[in-house]
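Some notes on the structure that comes next.
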Amino acid sequence: MSDVQTRLVAVVKRDCPTCAMVVPVLRQIAGSQPLTIYTQDDPDFPPEMGPVDDSGLEFSWKNKIETVPTLVRLEGSRETDRAIGWHRGEWESVSGVAGLGSELPEMRPGCGSMSVEPQRASALRAQFGSDILGARRVELDAEDDFEAMWDRGWSDGLPLVPPTEQRVLDMLDGTRRRPDEIVAVVPPALAECSVEKVAINAVMAGCKPEYLPVVLAAVEAACTDAFNMHGLLCTTMPAGPVLIVNGPIRRRIGMSSGINVFGQGNRANLTIGRALQLVVRNVGGGKPGEIDRATHGNPGKLSFCFAEDEEGSPFEPLATSRGLPPLSDAITLFPGEGPRCVVDQISRDPESLARSFAVNLRTVHHPKLVLVFDAILAIGPEHARIFREAGWDRARLTERLHELLQIPGEELMRGADGIAEGVPGDLAGARLPKFGANGILIVHCGGGAGLFSTIIGGWAGGDIGSRPVTQPIEP
Amino acid sequence: MKRYILDPTNETTPSRRARLERLETLSGVTVGLLDISKPRGDLFLDRLQERLEEKGASVRRYRKPTFTKPAPVDLRQQVAVECGAVIEALAD
């Protein structure tokens, strides 16, 4: 015969009618078996049974109690059986006591355990179950939380949300990926960056957990050799990562692709881009004045992230045009400067409007410099309508823009137009393209009225600098 | 009241290494000139090469594929193995 001690544990709360109903049953069991009762809301319930106060919910949390009453049989410290709610047969089986609650109904469902109430569960997990976190815990005492983060150099200049264990654990619920999985090696320090570190920075940026998969994909894309975050960070030019999101996830997490798309007001847009920049700052160690040598920078280096308006677009989504299957959740990173408006309120045919775009695109960084910089052309809905009504798709518009941007060499040469800057060499008789073959990225976004589009100039393109990278967003 | 937040950094500390002793002479030393591929860096390095060779150094020239990325590991190793000193040219 085993000498392991068998004992029974019941978890109850006064507020639960089923718990109140089973009090006679608990007395019946306690008459013949060692029984410990944990009570969640009232330390005197059930009366005269000497319950253990579990109002801190530690026992309930650690034993994964989801419903009260729950009756558990323990042999030593090992759980061997459990009855959930009231069910006479199950309670008799777990307790080994026959004839329980003969005056009660055969069964009655229990109530939710207080330990799984949504507003309590995440705090309990942080308090009792945070062994999945590996990051160093920073103790704050007399310091103000916000000033403490500022003083440690973690801020981009705006206040940060304190990354408490509870908030970081909640953030990690946003992905199926393990907290210790390495997402990327982040420049300039070339530091390995885990899902957890991304989550911490996403909390600080103000992200909601459902944004985390987008932030993770952005970090992965930024740290590819093709995108070259190292160079983009170091450059004296004003570019930074511009993030464009495609796929159903845009709507699911409430991103903006409409009115004021590049401006203020949308939490997802603003915090996802900010989270990437905070990862580069805090994990990669890339800070302005140190490795970041931008002469002017641009306000988008705080955050520059938006969704494409796929539903209203005459074109296939950007990510689809870049090789991903339709309806893919994806993020495209582009090394871009600040946005600049193209006004054309008169053109009503696609050829005229394409010409307007071309003369403006030619000015990216300098009208006399070619084949160095890419560009995003973000077409507003009222301009897009003109292409839709004329039956122009993305390929046709792109091709026409490239044709219109073949520039006579005489206009580009150094000294031409009295301007020393320009392309070196004798280019008389030559024609040079402003952009490389894949150098114009067309997206559809913006909302409401306005015959406007926007150009976002790039940075050194191709092998010498950065290529746009499109990365699938994984849950 | 004590509160805890989680460290958002990579939690590493840079290792400190002492600089190498300054060379007492360039005579007989192989000096690497690393062109980072910025425009006109070659003009600057050509002139440096002349001056170094006047002082008895022998010069080897190297070039990064692009100024926007760190030098490849193989190139760094090659410079370290072949040279007693290196000068990296930033230009524009």
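Only strands (runs of 3 or more DSSP E) whose full extent lies in the range A:130-241 are considered here, and the ones with at least 1 residues that are in contact with a Phe, Trp or Tyr (Cβ under 7 Å, 6 or more places away or on another chain) and surrounded by fewer than 22 Cβ atoms within 10 Å (Cβ to Cβ) are A:137-140. Residues that are surrounded by 18 or more Cβ atoms within 10 Å (Cβ to Cβ), among the hydrophobic types (A, V, I, L, M, F, W, C) and under 24 Å from B:LEU75 (Cβ atoms) occur at least once in the range B:9-27. The number of residues in the range A:443-475 being under 26 Å from A:THR236 (Cα atoms) and away from chain B (no Cβ under 14 Å) comes to 7. Could you check, for the range A:391-409, whether at least one of its residues is farther than 22 Å from A:ILE244 by Cα, more than 29 Å from the chain's Cα centre (by Cα) and within 14 Å of another protein chain (Cβ to nearest Cβ)? No, the range A:391-409 has no match at all.
Contact map, the range A:138-152: first residue free of Cβ contacts under 8 Å to residues at least 40 places away in the same chain and at the interface with chain B (Cβ under 8 Å from one of its Cβ atoms), second residue surrounded by 15 or more Cβ atoms within 10 Å (Cβ to Cβ) and not in a strand (DSSP E or B), Cβ cut-off under 7 Å, separation 6 or more or different chains; pairs are A:VAL138/B:ASP7; A:LEU140/A:ALA148; A:ASP145/A:PRO162. Can you say whether A:ARG355 is assigned to a helix (DSSP H, G or I), farther than 14 Å from A:ALA378 by Cβ and either modelled with pLDDT of 95 or more or of a type outside the set (Phe, Trp, Tyr) (or both), as far as the supplied structure shows? The answer is yes for A:ARG355. Could you list, in sequence order, the residues of the range A:414-430 that are loosely packed, with under 13 Cβ neighbours inside 10 Å and more than 12 Å from A:LYS368 (Cα to Cα)? Within the range A:414-430, A:GLY425, A:ASP426, A:ALA428, A:GLY429 qualify. In this structure, A:PHE262 does not qualify as assigned to a loop (DSSP other than H, G, I, E, B), closer than 24 Å to A:THR454 by Cβ and within 14 Å of chain B (Cβ to nearest Cβ). Of the numbered criteria (1) more than 27 Å from A:LEU158 (Cα to Cα); (2) modelled with pLDDT of 95 or more, the one A:PRO326 fails is (2). B:ILE87 - would you say it is within 14 Å of another protein chain (Cβ to nearest Cβ) and closer than 29 Å to A:VAL372 by Cα? The answer is no for B:ILE87. Look at A:SER32 and say whether it is farther than 29 Å from A:VAL4 by Cβ and not basic (Lys, Arg). Answer is no for this residue. With respect to the conditions (1) crowded, with 22+ Cβ neighbours inside 10 Å; (2) part of a loop (DSSP other than H, G, I, E, B); (3) within 14 Å of another protein chain (Cβ to nearest Cβ), A:SER256 lacks only one, and its number is (3).
Test A:ASP3 against the stated conditions and say whether it is of a type in the set (D, E, K, R) and either closer than 25 Å to A:GLY129 by Cα or modelled with pLDDT under 95 (or both). So A:ASP3 passes the test.
The values are calculated or read from the model by the stated rules, or taken from the named source; none is laboratory data. Because the structure is a prediction, the values reported are computed rather than measured. FYI the Cβ positions are ideal-geometry reconstructions off the backbone, even for glycines, and counts take in every protein chain you see.
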